[in-house]
């Protein structure tokens, strides 16, 4: 297990997710202040590679640099706001989810099937009169 590579991959995924959230935020702002530009950004986002945040921003820079800069500022602000809470929230969330999965698994394993005859009780078909 390469912890450094896992950390890099996680950071890149988080960066791309924050880019997506920034795009949603800017889109909501533009919907109120500049509907034609909001429509353009919506169309651009539908065709651009939003899953790769850095590629998305590079493509946006080629089309509308001012919008790319705005999106980068919003992304940075979101990152600063969530960074403080993120490590604890991720660890706590994983611990709680793991506990819930284990609980459900244990419940499934220990559930009695009342419709099947138990091995100690002979079925009525096997009783001879």
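Table for the structure above
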| read-out | value |
| --- | --- |
| Label-point separation, residue 25 to residue 47 (7 Å along Cα→Cβ), nm | 2.7 |
| The stretch 3-106: relative contact order in percent, alpha carbon pairs under 8 Å with at least 6 residues between | 29 |
| Gain upon complete extension [residue 63, residue 82; 0.36 nm per residue less C-alpha separation] | 3.9 nm |
| Gained length - residue 54 relative to residue 2, 0.36 nm times residue gap less alpha-carbon distance | 16.4 nm |
| Length released on extending from residue 12 to residue 91, taking residue separation times 0.36 nm less the Cα-Cα span | 26.6 nm |
| Helix 3-33 vs. the chain, principal-axis angle (Cα, 0 to 90°, nearest 10) | 60 |
| Helix-only [θ]222 nm of the chain, DSSP H runs n ≥ 4, -39500 (n - 2.57) each, per residue, nearest 500 | -26500 deg cm²/dmol |
| Residue of 110, 13, 25 that the Gaussian network model of the chain assigns the largest fluctuation, springs spanning Cα pairs under 10 Å | 110 |
| Among (i) 19.1; (ii) 14.3; (iii) 15.7, the entry that matches Kirkwood radius over Cα pairs in Å as calculated here | (i) |
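Computed from the coordinates by the stated procedures, all read-outs in this text should not be read as laboratory data. In this text the structure is predicted, and so the values were computed from the model without any measurement. All Cβ positions, glycine included, derive from the backbone under ideal geometry; neighbour counts span all protein chains shown.
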